[in-house]
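Structure first, commentary second.
What follows draws every value from the coordinates through simple rules; no lab data is involved. Fair warning: this is a prediction, and the values are worked out from it, not measured in the lab. Because the Cβ atoms are built from the backbone with ideal geometry, glycine has one as well, and the counts that use them run over all protein chains shown.
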Amino acid sequence: MSILRLEAAPLTPIDSRYIQYVDLEILNTGMEGFEMLAHVYGEQGLQYIQLIHLNPGSAVPLHHMMTEHKPFQLVLVTNVNDFAHTAVTVRACNQGQLIAVFTQENMIRTL
């Protein structure tokens, strides 16, 4: 299993006060399919959860994961022990305007 995590809070490098929602695009760049469980945790606990399957070469978008300008953690858990074929783009938005883009390179990674 591999875990990718992105954290946002006030007055941190990713400042949640400016993020109303995030859009994700997850891409499998490998030759084998895998599953991913996407979670968003907020101040009150789990806010969003979805299990997705990524076929080889496929991309799956997840839109309008609401964070409402509050601290949150985006946690992506795969059933593979490798990050090499998982590409993630996180678009942070506020009132329909793109304010920042993050990738798997900005995420905390755990095997």
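Hey, got the dipole for segment 2-110? About the Cα centre, +1 on K and R Cβ, -1 on D and E Cβ, debye to the nearest 20? If you can, show how the numbers build up before the last one.
Numbers: 5 positive and 10 negative charges, 36 e Å.
Around 180 debye, computed over segment 2-110.
With the convex hull built on the Cα atoms of the chain, state its orientation-averaged projected area in nm².
If I average the Cα hull's projected area over directions, I get 6.2 nm².
First select every other residue whose beta carbon is under 15 angstrom from the beta carbon of Leu54; then total the charges, Lys and Arg +1, Asp and Glu -1. Please report the intermediate quantities before stating the final value.
Values: positive: none; negative: Glu25, Glu32, Glu35, Asp82.
Residues near Leu54 contribute -4 overall.
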